[in-house]
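*Asks:* Take this structure, written in structure tokens, and hold onto it; I'll ask about it next.
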Amino acid sequence: MTAFSAFGGILFGYDTGVINGVKEMKDWLRTFGYPDPSAKSGYAISSSNESLVVSILSAGTFFGALLGAPMADYVGRKWGIVLACLVFSIGVAMQTAATAIPLFVVGRVFAGLGVGLVSCLVPISPKWIRGAIVSLYQWAITIGLLVASVVNNFTQTRDDHSSYRIPIAIQFIWAAILSAGMTFLPESPRWLIKRGRDDEAAASLGRLTGYKKGDPELEAELHEIRANLEAELALGESSYLDCFRFTKNKIALRTLTGIFIQAWQQLTGINFIFYYGTTFFQNSGIRDPFLISVATNIVNVFMTLPGIWGVERFGRRRLLLIGAAGMCICEFIVAIVGVTISVQNIAGQKVLIAFVCIYIAFFASTWGPIAWVITGEIFPLQIRAKAMSLSVASNWYADSISIFPDLTFQHPGFGISELVMLTKGLSLEQIDLMYQNTTPMKSLQYRKRLMADGTDTSLVPEKETTEEVQTERA
């Protein structure tokens with residue numbers, strides 16, 4: 001059930017992939033651009049309009065993410081996602097009907113609002129598979145990118161409005177599937193308890209965990225949630241300012257960790273490939289840029305799977321460091337090859353494509369899914385919705401300014417990784433205790449104490465060896 005809710009990632013992934021190909025299609029350029037005999041298709045669009053069409057989605061997602069907090073608080077995650085799909089569908093309808101830039105741009109804004117809301121409302125999963133399940137949101141994004149590139153490849157040769165309207169209109173299907181499916185899923189048990197609906201919370205948690213009513217394990221989890229909520233309610237209602245308070249609970253550290261992790265996920269430069277990949281490969285002299293985009297998206301989809309598995313096997317921080325190192329090296333090689341070879345150099349083009357694919361593989365298996373895992377688990381319930389909205393908003397803001405890759409972006413990524421606590425296998429309430437009583441650099445030892453003292457350590461499949469402890473410290 002929680003895996004299905006991650007399907008919302010398809011909305012963002014597919015939209016990103018669609019605009020990457022649509023803006024290079026002949027009929028789209030003819031409709032929204034101007035004649036240009038020097039262009040391959042005979043038509044072109046100004047760079048300002050192209051940037052506006054691409055980046056305006058991020059403006060919508062930025063504000064959608066901020067609106068996600070009050071929506072999660074007032075209507076819950078389940079019906080919040082349904083409403084977000086409705087907003088998204090309005091944007092898709094505008095883009096499909098548009099024959100001029102203004103309406104197309106407004107449609108992109110509404111679609112962005114819907115995507116931003118959905119990204120903030122990703123449900124929390126049982127702790128022993130939480131990392132893998134939340135990672136499925138990123139996997140859904142990659143699947144959306146791949147499907148969009150395949151559809152673009154099939155419709156690009158059409159010489160009428162259907163060439164771009166078919167790929168755009170397909171987004172109605174994703175919104176319909178997600179909103180219809182959410183009506184059958186349970187509401188967040190934490191939100192239900194916060195609203196005083198304990199019986200519904202028990203039923204919801206039972207569906208999510210497989211426990212039956214009255215099971216000791218179910219009652220223990222419910223008691224843990226209630227105790228944590230009562231302690232936080234004693235502090236009073238929260239505001240956005242409370243997300244930056246320096247308290248024993250390290251609220252400011254948690255908020256800044258979420259903001260920086262989400263921002264640097266975009267500042268790795270990955271969206272340059274997925275927004276402008278077709279244009280980049282075409283300008284590099286590659287004969288079939290649409291087909292190459294399909295290939296890079298296949299790499300993205302399948303290399304996300306090791307990340308989903310590894311996030312619970314190796315932990316969050318270790319994978320972030322590996323990913324930052326790998327992407328940094330690949331970006332340097334791509335930049336060097338790109339400025340030193342001619343577009344007629346076939347061997348050089350193959351090297352360029354190969355290292356772009358390796359770069360995508362590092363991102364897909366590390367920073368892609370793990371950023372969503374971290375921001376889904378580090379915030380206490382009192383400020384969770386607001387802090388999550390700030391973190392996701394920083395993702396979309398960074399997305400809007402990351403269309404050109406900068407090699408220096410990867411270096412701060414190493415330092416940001418050191419803000420991450422080692423939370424593998426812990427419940428949200430145990431993570432809260434960790435932030436109260438230790439620091440990121442000492443979190444490995446404290447995590448071991450929590451696992452040893454906890455009542456359900458049997459849910460964690462493996463123990464770390466001394467060698468793994470030394471690696472984490474390094």
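The values are calculated or read from the model by the stated rules, or taken from the named source; none is laboratory data. Remember, it's a predicted structure, so these values are computed and weren't measured experimentally. Virtual Cβ from ideal backbone geometry, glycine too; neighbours counted across all protein chains shown. These accessible areas exclude ligands, DNA and RNA; they are computed on the full protein's heavy atoms, side chains included. Shrake-Rupley method; radii C 1.70, N 1.55, O 1.52, S 1.80 Å.
*Asks:* For the pairs Lys23/Lys386; Lys250/Lys448; Lys194/Lys250; Lys40/Lys350; Lys248/Lys386; Lys213/Lys250, note any where the Cα-Cα span goes beyond 29 Å.
*Replies:* Lys23/Lys386; Lys213/Lys250
*Asks:* Please give me, ordered by residue number, the chymotrypsin sites (Phe, Trp or Tyr not before Pro) of the stretch 189-267 that lie in loop per DSSP and have at most 12 other Cβ atoms within 10 Å.
*Replies:* Answer by residue number: Phe246.
*Asks:* FRET efficiency for Trp309 and Phe272, Cβ-Cβ distance as r, R0 = 35 Å, nearest 0.05?
*Replies:* That pair, Trp309 with Phe272, gives E of 0.80.
*Asks:* Now a separate question. Please work out how much length the chain gains when fully extended from Asp73 to Ala347, using 0.36 nm per residue of separation minus the C-alpha to C-alpha distance, in nm with one decimal.
*Replies:* 93.1 nm
*Asks:* To continue, here is another question. With labels modelled as points extended 7 Å from the Cα through the Cβ direction, what inter-label distance (nm, one decimal) is found for Ile173 paired with Phe154?
*Replies:* 0.7 nm
*Asks:* For the stretch 81-94, take each phi angle, set θ = phi - 60°, evaluate the Karplus expression 6.51 cos²θ - 1.76 cosθ + 1.60, and give the result in whole Hz per residue in order, putting x for glycine and proline.
*Replies:* 5, 4, 5, 4, 5, 5, 4, 4, 5, 4, x, 5, 4, 5
*Asks:* Check Tyr43: other-chain or 5+ apart residues with amide H under 5 Å from its amide H, H built from backbone geometry?
*Replies:* Asp36
*Asks:* At 7 Å along Cα-to-Cβ for each site, give me the label-to-label distance between Ile333 and Ala234 in nm.
*Replies:* 5.6 nm
*Asks:* Here is a follow-up. Once you have the Cα-Cα distance between Leu86 and Ala180, take 0.36 nm times their residue separation minus that, and quote the gain in nm to one decimal.
*Replies:* That pair, Leu86 and Ala180, stretches by 32.7 nm at full extension.
*Asks:* Per residue, how large is the accessible surface of the stretch 340-401? Use a 1.4 angstrom probe and give square angstrom. Before the final figure, lay out each step's value.
*Replies:* Values: 1780 Å² over 62 residues.
Value for the stretch 340-401: 29 Å² per residue.
*Asks:* I've got another one for you. How much net charge surrounds Leu83 when only other residues with a Cβ under 15 Å from its Cβ are counted (Lys, Arg +1; Asp, Glu -1)?
*Replies:* 0
*Asks:* Take Leu241, project a point 7 Å from its Cα along the Cβ direction, then tell me which residues of the stretch 51-84 have their backbone nitrogen under 16 Å from it.
*Replies:* none
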